[in-house]
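J.: I'd like to ask some things about the structure below.
The values are calculated or read from the model by the stated rules, or taken from the named source; none is laboratory data. Note that the structure is a prediction, hence the values are computed from the model and not measured. Cβ placement follows ideal geometry from the backbone for every residue including glycine, while neighbour counts extend to all protein chains displayed.
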Amino acid sequence: MELARARAFWRDRILADFRDFRFTWRGFLHWSAIALAAFVIAFAVTLYFLDWNEMRGPISLYASDRFGRTVRIEGNLDVKLFRSRPHIAIEGLFIGNPAWEDRSQAARIARTDIEFRFWPALFGHVVLPLVSFDRPELLLVRGKDGRTNWDGDTGGNTGWKLPPIERFLVKDGHLEIDDAVRRLKFLGTISSREEAGGEGAAFQLKGDGTLNGNRFGADLHGGPLINIDRSKPYEFDADVTAGPTHVAVKGQVTHPFDLGRFDARIAATGKSLSELYYLTGVALPGTAPYDLKGVLKREGGVYSLTDLSGTIGTSDMHGYLSVDVSAKIPDLKGHLSSRSLSFDDLGSILRGGKGVTETGGYLLPDVTLHTERLRQINSEVDYDAQSIKSRDFPLRGLTTHISIKDGVLRLDPLAFGFVAGRLSGSLAIDARKDVPVTDVDARITDIHMEHFIKGTQKPLSGMVEARAKLSGSGSSVHKVAASANGMVTAVVPQGQIRKSLAEWMGVNVLSALGLNLSGDQSATDLRCAVLSFDARKGLLASQRILLDTGPTRVDGQGRINLQDETMDLTLKGEPKHFELLRLRAPITVSGKLGAPSIGVDAKPAVTQGVIGAGLGLLSPLASLFAFIDPGLAQDANCAGLLTEARNQGAPVKSSAARGARKAQPAK
């Protein structure tokens, strides 16, 4: 009876409201609140009594459509929402690869457990008390076109931003990385845990396996995650070993867990800086073994390395670097310097950090350079060395600017300072195609050749001016030289040469022997010298070889083969004065570039001897006529030759400037 009266009351009340309906904000808010409350109650009741296993199919279909790949929940789905720490447990989670990847499985996780704090999440502040993965199997793939199976993005990144995680567990994880861009393959295990001990618990994440066939190990330690405060830095230590490379890190995440913001002190050692490419993705040159330290900081997509110090080989290294990875291609900038640079360490850059015995037996290294990495970075870096230690060259300093843009490397300027004089020019390597093309333009100015002659007795002195402009293709220094086209020109505008050496170059036997036997070390003028070669496919054919001295003029011809690194030159000297005993036997320079042989072509001398023997049949004194030279050789037109060399690109100064410069006498 009471129930019937109540129904009648509310029916009449509602009908009265609609009969007398007129819009008011109070009424609108009143009924809106009632409708919202009814919806929330109905939704909560539905979730409470929902069998979540019935939702596996719809959830899988939605996730598959959302991420463009197959997603399945193959096991039990257990969701408990009505508690202060809601819990989600997923058994048998399968995530497939994008359609472009042949392997179907990107991830399979036996069990996933996630907890979050309800009330903070209600106001948009996510805190995860537990994230746990049991037996995850992960495959990370990057294709040659830069696409990845984790986000499909070919660009850079600014770092993951993760909510605070109070307990992160990975049990028996397996990870495989196949990166076609870096040519990197990793296969190993990952695990994490927190050691028991309440407030003293410490987080540990470990990885073990092989990286491109070399052993890999990573061990990261941090404070207890349960104590995470987003307003305070989270400190961590990391130790990474990849083959001969070892990196130790001590740093902090400034706003946990925004992985795009951290700073750390790092110490790195290894056989070659180029091997850091597999860990960092930054293409660095092959070097001698290194030991470097610095401060690494990340701000979004920009990494900066400051206070850099240490050694590469026996050379010290200081400076700073920064790399922006937010774009598709990383952008490297910085300035590096050395107080003392060992010249041998420069050679290791061309050899990729390998020894001379590993260069294929050539004087020029035949080790393949990883020029394809030039397509994976842009850079603008300055480098200078105050002094250079060299056993063979009187070097004083080095200055260069290293620019990499769209797969083209340029060293411009590339300048070496000598005790006197300078070697300067530019180098460009175009690696946009599979076979890189290298262009070299080098100039030698005002260099004293006597500085390159060991010992106290200098048979030659004078300024050398030269230019080499060559272009070749290949993936090693030797292959580039073996295919080189261009020109090489060198001149000595004026100088001095030991008189006995000048006589020997003309095979003026009597004069040369007389000077040697008397111990005469006097010098004579080297009026000029010109050497000009035309390069075609690694063969340097002589265009002009001339040395004009006071007593002798020497003309030559021949070629230098950079393909097998051999040379075959012939020098023919003609005396400028009467010679009583002279052999008409050209001097030969032949053999390997690294160890040439100097000899005499005996065939003309034999002919000369046969003629002398024939004349001797007439009279013993007549046989001498075959060995007498009237000395009719003329002085070379040095001014014209130097002008010609200057027109070919040799950095020869004007005659006025040249005349004002005095060559140092030979000792």
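J.: List every residue pair whose Cβ atoms lie under 8 Å apart, where the two residues are 6 or more positions apart in sequence or sit on different chains, the first residue falls within segment 537-556 and is closer than 21 Å to residue 471 by Cα and at pLDDT 90 or above, and the second residue, located anywhere, is aromatic (Phe, Trp, Tyr) and part of a strand (DSSP E or B).
T.: Listed by first residue and then by second, the contacts come to 540/533; 541/533; 542/533; 543/533.
J.: Within segment 203-221, count every residue that is of a type in the set (A, V, I, L, M) and in contact (Cβ under 8 Å) with a residue 40 or more places away in the chain.
T.: 1
J.: Taking the stated definitions as given, is residue 301 over 22 Å from residue 216 (Cβ atoms), in contact (Cβ under 8 Å) with a residue 60 or more places away in the chain and either buried (at least 18 other Cβ atoms within 10 Å of the Cβ) or among the basic types (Lys, Arg) (or both)?
T.: So residue 301 passes the test.
J.: Take the residues in segment 374-422 that are out of contact with any helix residue (DSSP H, G or I) (no Cβ under 9 Å at 6 or more places or on another chain) and of a type in the set (A, V, I, L, M), then tell me which one is farthest from residue 334 (Cα to Cα).
T.: Among residues in segment 374-422 that are out of contact with any helix residue (DSSP H, G or I) (no Cβ under 9 Å at 6 or more places or on another chain) and of a type in the set (A, V, I, L, M), the one farthest from residue 334 (Cα to Cα) is 415.
J.: So, residue 407, is that one over 17 Å from the mean Cα position of the chain (by Cα) and either more than 15 Å from residue 477 (Cβ to Cβ) or at pLDDT below 95 (or both) or not?
T.: So residue 407 fails the test.
J.: What number of residues in segment 436-484 are under 30 Å from residue 374 (Cα atoms), surrounded by fewer than 21 Cβ atoms within 10 Å (Cβ to Cβ) and charged (D, E, K, R)?
T.: Within segment 436-484, residues that are under 30 Å from residue 374 (Cα atoms), surrounded by fewer than 21 Cβ atoms within 10 Å (Cβ to Cβ) and charged (D, E, K, R) number 4.
J.: Kindly check whether there is at least one residue in segment 565-580 that is at pLDDT 90 or above, under 39 Å from the mean Cα position of the chain (by Cα), assigned to a strand (DSSP E or B) and within 22 Å of residue 636 (Cβ to Cβ).
T.: yes
J.: Being under 27 Å from residue 179 (Cα atoms) and among the acidic types (Asp, Glu) is the requirement here; does residue 235 meet it?
T.: no
Listed here are the residues, each with its yes/no results for (1) surrounded by 18 or more Cβ atoms within 10 Å (Cβ to Cβ); (2) acidic (Asp, Glu); (3) in a loop (DSSP other than H, G, I, E, B).
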| position | (1), (2), (3) |
| --- | --- |
| 99 | no, no, yes |
| 108 | yes, no, no |
| 120 | no, no, no |
| 125 | no, no, yes |
| 135 | no, no, no |
| 138 | yes, no, no |
| 145 | no, yes, yes |
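J.: If I ask for residues that are among the basic types (Lys, Arg) and in a strand (DSSP E or B), which ones from segment 218-276 would you list?
T.: Residues satisfying the conditions are 250, 261, 265.
J.: Might you check whether a residue that is surrounded by fewer than 14 Cβ atoms within 10 Å (Cβ to Cβ), modelled with pLDDT of 80 or more and of a type in the set (S, T, N, Q) occurs anywhere in segment 189-203?
T.: Checked segment 189-203: at least one residue is surrounded by fewer than 14 Cβ atoms within 10 Å (Cβ to Cβ), modelled with pLDDT of 80 or more and of a type in the set (S, T, N, Q).
J.: Something else now. Filter segment 82-97 down to residues that are free of Cβ contacts under 8 Å to residues at least 40 places away in the same chain and not in a strand (DSSP E or B) and give me whichever is nearest to residue 114 (Cα to Cα).
T.: Going through the qualifying residues, I end up with 86.
J.: Quick check on this structure: which one of 113, 78 is in contact with a helix residue (DSSP H, G or I) (Cβ under 7 Å, 6 or more places away or on another chain) and assigned by TED's automatic domain parsing to the domain that holds residue 145?
T.: 78
J.: Would you please name the residue that is modelled with the highest pLDDT, looking only at residues in segment 328-346 that are of a type in the set (A, V, I, L, M, F, W, C) and under 18 Å from residue 418 (Cβ atoms)?
T.: 341
J.: Sticking with this structure for a sec: Please enumerate the residues belonging to segment 286-302 that are in a strand (DSSP E or B) and either within 17 Å of the chain's Cα centre (by Cα) or closer than 18 Å to residue 272 by Cα (or both).
T.: Once the filter is applied, which keeps residues that are in a strand (DSSP E or B) and either within 17 Å of the chain's Cα centre (by Cα) or closer than 18 Å to residue 272 by Cα (or both), segment 286-302 yields 290, 291, 292, 293, 294.
J.: Considering only residues that are of a type in the set (Val, Ile, Thr) and touching a Gly at 6+ places or on another chain (Cβ under 9 Å), which ones fall in segment 488-502?
T.: Those that are of a type in the set (Val, Ile, Thr) and touching a Gly at 6+ places or on another chain (Cβ under 9 Å): 489, 492, 497.
J.: Looking for whichever is part of a loop (DSSP other than H, G, I, E, B) and modelled with pLDDT under 95 here; the options are 103, 66. Which one fits?
T.: 103
J.: Sticking with this structure for a sec: Return yes or no: is residue 422 closer than 21 Å to residue 347 by Cα, surrounded by fewer than 22 Cβ atoms within 10 Å (Cβ to Cβ), among the basic types (Lys, Arg) and touching a residue at least 24 places away in the same chain (Cβ under 8 Å)?
T.: Yes: the conditions hold for residue 422.
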